[in-house]
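Below you'll find the structure, written out as structure tokens, and then a few comments.
Since every read-out is calculated from the coordinates, none of them should be taken as a lab result. Note that the structure is predicted; figures quoted are calculated from it, not measured. Backbone-built Cβ (ideal geometry, glycine too); neighbour counts: all protein chains shown.
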Amino acid sequence: MVTVITIYSLLGIFLAASLIKSREKTVRAFRIAWKALLKTAPSLIAVLGIVGLTLGILTPETISKIVGAEAGFAATIIAAFVGAITLIPSLVAFPLAGSLLRSGATIMTISAFVTTLVMVGFVTAPMEIKMLGKKFTLLRNGLGFAAALVIALVMGVVL
């Protein structure tokens, strides 16, 4: 709770300083931020809805069986593939990872999911191939996937 109060206090102080320095720029920044929020809100609400429904339908026992210690390393591989093929913003992925972790998923499995989500782009690969070439895209995604598995293993051992 102290952290939240500290963050909001700093936010208020910096907002006041910004308003004092240039009211016009601060208002313009708020308008830009509002437009960005309106653009991203539909997809964010849809993803949050899907996550909420999934966590509502799947019991912690089911989640534990699918991505928990019982599932073994196969669950980590599956989570890595799911992370590689999904296109979820990190803003949604981290709370989802926390919810899955509290529901019985292992740190190794969640690490593989989040790391491939960020480092591997199956959905964006066609565009990347056009812009950067097939060899580079396949190499980057392959190395990203391998690195994600190594990171997941390290996280599983360390934590």
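Couple of notes before you dig in:
- Spatial separation of Cα centroids for the range 6-22 and the range 71-99, in angstrom: 36 Å
- Max mean-square fluctuation residue, GNM over the chain, Cα-Cα springs under 10 Å, options Lys134, Lys21, Lys39: Lys21
- At an R0 of 30 angstrom, the distance between the Cβ atoms of Glu61 and Ala146 translates into a FRET efficiency of 0.40.
- Rounded to the nearest whole Hz, the Karplus-based 3J(HN,Hα) values (6.51 cos²θ - 1.76 cosθ + 1.60, θ = phi - 60°) of the range 18-24 follow the sequence 5, 5, 5, 5, 7, 5, 4, with x at glycine and proline.
- Highest-MSF residue in the chain out of Ile32, Ile129, Ile50 [GNM, Cα springs under 10 Å]: Ile32
- MRE, 222 nm, helices only [DSSP H, n ≥ 4, -39500 (n - 2.57), over the chain, to nearest 500]: -28500 deg cm²/dmol
- Förster radius 35 Å - calculated FRET efficiency between Ile50 and Ile13, Cβ distance, rounded to 0.05: 0.40
- For the range 144-159, 3J(HN,Hα) computed residue by residue from phi via the Karplus equation (6.51, -1.76, 1.60; θ = phi - 60°) reads x, 5, 4, 5, 4, 5, 5, 4, 4, 4, 4, 4, x, 7, 5, 9 Hz, glycine and proline entered as x.
- Equivalent ellipsoid dimensions for the range 46-159 as semi-axes, Å, which come from the Cα gyration tensor, largest first: 26, 17, 10
- Of Leu53, Leu117, Leu11, the one that fluctuates the most in a GNM where the chain has Cα springs shorter than 10 Å: Leu11
- Along the range 30-44 the Karplus relation, 6.51 cos²θ - 1.76 cosθ + 1.60 evaluated at θ = phi - 60°, assigns HN-Hα couplings of 5, 5, 5, 5, 5, 5, 5, 4, 5, 5, 8, 4, x, 5, 5 Hz to successive residues, with x for each Gly and Pro.
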